[in-house]
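The structure appears right after this line, and notes come after that.
The values are calculated or read from the model by the stated rules, or taken from the named source; none is laboratory data. Just so it is clear, the structure is predicted and the values come from calculations on it, not from any experiment. Glycine also receives a Cβ, built like all others from the backbone with ideal geometry; neighbour counts cover every protein chain displayed.
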Amino acid sequence: MNNDKILKIHNKSDKPDNIVLRDNDIIERCIQVENKLPKFMKDYFIYLKGSVAVSTRLAYLDDIYFFCNYLIEIKEHTEASITKELSLSEFNNIKARDVNLFLGDYCSRYYKQTNKSTLIYENNNRALARKKSSLSTLFKFLYRNEQIDNNITDGFNPIKLPKPQPDAIKRLDIDEVAKMLDSVETGQGLTEKEKIYWKKTKLRDKAILALFVTYGLRLNELRELNISSFNFSRGEFKIYRKRGKEVLMPINNTCELVVKDYILNERPKSEMLSEDLKDALFLSLQNKRLTARAIRDLVKKYTSISMDTSRDNGYSPHKLRATAATSLIQNGFSIYDVQNLLDHDNVTTTQLYAAHKKNVKRDIVNNFEWIDEDDNH
């Protein structure tokens, strides 16, 4: 018999229940990690709760737990056998050099033994930079909180991140977007087995792809959409972005048509669904909210058809985000408008997509001649 208690939501916020549940799941995972860490970090845990998004909080805690395990593994800074036993005095003795060795030597490549094999883990500079950031917040806080004597973070080695190159941005061209949407409309390019499922889900898949390429939504922003997210009379829909931001998006005619078509003509009626799924927008054939993996597989399938390549070489939803950004800029929208629509933290991210506009400028100028060649004769 399953003794797990049923989680009931008493929701008085504006957030839909699925967003509340998602955040609660992350918070529970945060608490599990905190329970494995030393008690002297309690003030830091409270600081994280109030200063960063729940997903960032979990990432920081995981990185700090990983560092604490490293201290126990190398046995140079502590006699503790478990992370919870690490003491504040031991942390007070940690120097910047110790953190630099952890990041630069241990983290770049480390090994984990299992019963049957040895696993090799490698971290690129982006992953190392995040671990450095996590440890920086901890040591800065402990110093500000007068728990350790020195702020050692000034001595942390810089970690150089590769500068993103505009030419390396993967996205669909406009004709490939058209081919992708055509394939979901007609089934062209699908295998016979895929067509069996396509007949049952083509309206859903078309709505998903249209929302991705129009708005450049992140995967979870799309996955968490509900029927109640849409207010068709006002011509808008609501999404929940990173850091809990609630954003209203205007809905264009195309997206309104495909979403309504799916809801009215393919999605199971709400009375057939369990209480917690009556409002969920995009459902699987098992009448459950689509998983992130299912959405990735769906996008890879249709993008591979549009590019005439294998399913493995199809694009991820994030590449459709890049497609939306590039297409908007090529159609004349300013980088600041596109930055706002896609929720880029920094306009330099959006400028990468603007670099693709160079050829468009050349085409415009070449096709806009004031003096006819014949006028010179």
- Item | Condition check for Ile27: over 16 Å from Thr137 (Cα atoms) and β-branched (Val, Ile, Thr) | yes
- How many residues, within the range 253-299, are part of a helix (DSSP H, G or I) and either among the charged types (D, E, K, R) or closer than 18 Å to Arg22 by Cβ (or both)? 13
- Message: For the list (1) under 24 Å from Gln188 (Cα atoms); (2) modelled with pLDDT under 95; (3) surrounded by fewer than 16 Cβ atoms within 10 Å (Cβ to Cβ), I need the number of the one condition that Thr323 fails.
- Response: (3)
- Message: Looking only at residues that are in a helix (DSSP H, G or I) and either polar (S, T, N, Q) or touching a helix residue (DSSP H, G or I) at 6+ places or on another chain (Cβ under 6 Å) (or both) in the range 308-317, which one is surrounded by the fewest Cβ atoms within 10 Å (Cβ to Cβ)?
- Response: Asn313
- Is it true that Asn253 is under 23 Å from Arg218 (Cβ atoms), assigned by TED's automatic domain parsing to the domain that holds Glu221, exposed (fewer than 12 other Cβ atoms within 10 Å of the Cβ) and at pLDDT below 95? no
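Would you call Ala292 within 13 Å of Leu222 (Cβ to Cβ), modelled with pLDDT under 90 and either surrounded by 12 or more Cβ atoms within 10 Å (Cβ to Cβ) or not acidic (Asp, Glu) (or both)? Before you say what the answer is, go through the steps one by one.
Values: within 13 Å of Leu222 (Cβ to Cβ): yes; modelled with pLDDT under 90: no; either surrounded by 12 or more Cβ atoms within 10 Å (Cβ to Cβ) or not acidic (Asp, Glu) (or both): yes.
No: the conditions fail for Ala292.
Suppose we filter Lys238, Lys242 for residues that are more than 26 Å from Gln188 (Cα to Cα) and modelled with pLDDT under 90; which single one remains?
Within the list Lys238, Lys242, the selection yields Lys242.
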- Query: Quick one: would you say Ser304 is crowded, with 19+ Cβ neighbours inside 10 Å, of a type in the set (S, T, N, Q), part of a helix (DSSP H, G or I) and at pLDDT 90 or above?
  - Reply: yes
- Restricting attention to the range 68-85, does a residue exist that is of a type in the set (Lys, Arg) and not in a helix (DSSP H, G or I)? yes
- the range 33-59 residues that are under 29 Å from Ser81 (Cβ atoms), paired with ones that are of a type in the set (Gly, Ala, Ser) (beta carbon under 9 Å, 6 or more apart): Pro38/Ala80; Pro38/Ser87; Phe40/Ser87; Arg57/Ser51; Ala59/Ser134
- Message: Which of the numbered conditions does Lys193 fail, given that it passes all the others? Conditions: (1) under 23 Å from the mean Cα position of the chain (by Cα); (2) farther than 30 Å from Leu101 by Cα; (3) without any contact (Cβ under 8 Å) to a residue 40 or more places away in the chain.
- Response: (1)
- Right, Asp297: more than 24 Å from Trp198 (Cα to Cα) and out of contact with any Gly (no Cβ under 7 Å at 6 or more places or on another chain) or not? no
- Query: Is at least one residue of the range 170-178 at pLDDT 90 or above and in the same structural domain as Leu128 (by TED's automatic domain parsing)?
  - Reply: no
